[in-house]
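Engineer: Pasting a structure here, questions to come.
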Amino acid sequence: MRKYTILGSNDTRSGFGQGLLEAGKRNQNVVALCADLTESVKMGAFKEAFSERFFQIGISEANMVGVASGLALSGKIPFIGSFAAFSTGRVYDQIRQSVAYSNTNVKIAGSHAGITLGEDGATHQILEDIGLMKMLPNMVVINPCDYNQTVQATIAAAEHVGPVYLRFGRPKVPIFISEDTPFQIGKALMINEGKDVTILATGHLVWEAIQAGEMLAEQGIDAEIINIHTIKPLDNKAILKSVAKTGCVVTCEEHQYNGGLGDSVAQLLALNNPKPIEYIGIDDKFGESGKPEDLMVKYGLKSNNIVEAVQKVIKRK
């Protein structure tokens, strides 16, 4: 099992803020719109550097989507920022009609996603956003794993022509992806090559998968771990190649089973090469108020849960 060095710790929302600032430096058409959560979604640095390109829309998310769509049609590259619950679920109709259907070049930034939002509770802990966004034609869905990868993903989103949903979180998590690691939309990142089981992880669960891989290595199980930072378009080739080698797969995500990464992988395998699959995720439940780490334990999203799922799926081969 390849050993990863922790390079530091930071929240992925700060990675978005840094990536947005860098994207703004590279392209003067990049603009930012926020729904009264500038500091929470880390748009402050962009606001300070490019005040003429920053628009505070207020608590009016539907209007924000409409304004962004208009800016996109005039040649700008707008990023709209809010909590993921508000930037997707609250304005789904506007995104469907004015962004996805119209295929406008709008980038939707969803911060504070998943149960690791913590104490704000179920109303803010959206666990359905990946499903909502990936079902929309023309929409790209990206869920990076740490600070550095979120910086890279944000820059890549700005360079991509078309709608993008970029998902990130609130808590500080280990930084283990180096700054010079290549990032390509739709191209999975190999974390560890193995032969016994494929572990496909996204977002915060990538680090948990790495820890699980180390635990499995002690048991003599050689896990292939792949970082699926892009949920749509899915890297079908990489996934099918890996599962053809290992014969079974575990998917890991901070999201509902329904509509998430696991659903996409199961569909891919069903159509091409059916193999045993186990899910790590949220099983048709809402979140609740609590400390992020406690919620990760309660909802079964930790490395030991991944180990148990691997043991189970290997028996089904």
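Engineer: Is there a residue in the stretch 237-247 that is closer than 18 Å to HIS204 by Cα and either at pLDDT below 95 or of a type outside the set (S, T, N, Q) (or both)?
Structural biologist: no
Engineer: Right, next: Restricting the search to the stretch 286-301, which residues are under 25 Å from LEU269 (Cβ atoms), out of contact with any Cys (no Cβ under 9 Å at 6 or more places or on another chain) and either not assigned by TED's automatic domain parsing to the domain that holds GLY259 or not aromatic (Phe, Trp, Tyr) (or both)? Explain how you work it out, then say what you get.
Structural biologist: Within the stretch 286-301, the first condition is being under 25 Å from LEU269 (Cβ atoms), and the residues that meet it are 299-301.
Next cut, out of contact with any Cys (no Cβ under 9 Å at 6 or more places or on another chain) only: 299-300.
GLY300 - this is the single residue of the stretch 286-301 that is under 25 Å from LEU269 (Cβ atoms), out of contact with any Cys (no Cβ under 9 Å at 6 or more places or on another chain) and either not assigned by TED's automatic domain parsing to the domain that holds GLY259 or not aromatic (Phe, Trp, Tyr) (or both).
Engineer: Output the number of residues of the stretch 188-205 satisfying the condition of being in a loop (DSSP other than H, G, I, E, B) and hydrophobic (A, V, I, L, M, F, W, C). Before the answer, list the steps.
Structural biologist: Here is the first cut: in the stretch 188-205, the ones in a loop (DSSP other than H, G, I, E, B) are 188, 193-196, 202-204.
In the following step, the residues that additionally are hydrophobic (A, V, I, L, M, F, W, C) were identified as 188.
The total comes to 1.
Engineer: Sticking with this structure for a sec: Within the group LYS237, LYS195, LYS232, LYS187, which residue is out of contact with any Pro (no Cβ under 8 Å at 6 or more places or on another chain) and under 20 Å from VAL310 (Cα atoms)?
Structural biologist: Unique residue meeting the criteria: LYS195.
Engineer: Just to verify a result, which residue in the stretch 112-143, among those that are within 24 Å of VAL265 (Cα to Cα) and small (Gly, Ala, Ser), is surrounded by the fewest Cβ atoms within 10 Å (Cβ to Cβ)? Explain how you work it out, then say what you get.
Structural biologist: Taking the stretch 112-143 and keeping what is within 24 Å of VAL265 (Cα to Cα), we get 113-116, 125-143.
Next cut, small (Gly, Ala, Ser) only: 113-114, 131.
On the way: ALA113: 29, GLY114: 32, GLY131: 20.
Only one residue tops the list, namely GLY131.
Engineer: Could we say that GLY290 is surrounded by 15 or more Cβ atoms within 10 Å (Cβ to Cβ) and either more than 16 Å from the chain's Cα centre (by Cα) or in contact (Cβ under 8 Å) with a residue 24 or more places away in the chain (or both) here?
Structural biologist: Taking the combined requirement at face value, the residue satisfies it.
Engineer: For the stretch 15-49, which positions are touching a residue at least 40 places away in the same chain (Cβ under 8 Å), within 14 Å of TYR147 (Cβ to Cβ) and crowded, with 19+ Cβ neighbours inside 10 Å?
Structural biologist: GLY15, PHE16, GLN18, GLY19, LEU20, LYS42
Engineer: Residues that are of a type in the set (Gly, Ala, Ser): list the helices (runs of 4 or more DSSP H) wholly contained in the stretch 206-317 that include at least 1 such residues.
Structural biologist: 236-246, 261-272, 303-315
Engineer: Which of the residues spanning the stretch 73-111 are surrounded by 24 or more Cβ atoms within 10 Å (Cβ to Cβ) and assigned to a helix (DSSP H, G or I)?
Structural biologist: Within the stretch 73-111, ALA84, SER87, THR88, ILE95, VAL99 qualify.
Engineer: Checking the conditions here, which among GLY121, GLY131 is assigned to a helix (DSSP H, G or I) and either modelled with pLDDT under 95 or more than 23 Å from VAL151 (Cβ to Cβ) (or both)?
Structural biologist: GLY131
Engineer: Here is a further query. Does ARG13 satisfy being part of a helix (DSSP H, G or I), touching a Gly at 6+ places or on another chain (Cβ under 9 Å), under 20 Å from ILE142 (Cα atoms) and among the charged types (D, E, K, R)?
Structural biologist: In short, yes.
Engineer: Scan the stretch 145-186 for residues that are part of a loop (DSSP other than H, G, I, E, B), among the hydrophobic types (A, V, I, L, M, F, W, C) and either crowded, with 24+ Cβ neighbours inside 10 Å or in contact with a Lys or Arg (Cβ under 8 Å, 6 or more places away or on another chain) (or both) and jot them down.
Structural biologist: Let us first name the residues in the stretch 145-186 that are part of a loop (DSSP other than H, G, I, E, B), namely 145-146, 160-163, 168-171, 176-186.
If we keep only those that are among the hydrophobic types (A, V, I, L, M, F, W, C) as well, we get 145, 161, 168, 176-177, 183, 185.
Within the stretch 145-186, CYS145, PHE168, ILE177 qualify.
Engineer: Among the residues of the stretch 64-97, write down those that are polar (S, T, N, Q) and either touching a residue at least 60 places away in the same chain (Cβ under 8 Å) or closer than 28 Å to LYS25 by Cβ (or both).
Structural biologist: Those that are polar (S, T, N, Q) and either touching a residue at least 60 places away in the same chain (Cβ under 8 Å) or closer than 28 Å to LYS25 by Cβ (or both): SER69, SER74, SER82, SER87, THR88.
The values are calculated or read from the model by the stated rules, or taken from the named source; none is laboratory data. Note that the structure is a prediction, hence the values are computed from the model and not measured. Here the Cβ is made from the backbone with ideal geometry for all residues, glycine too, and neighbour counts use every protein chain on show.
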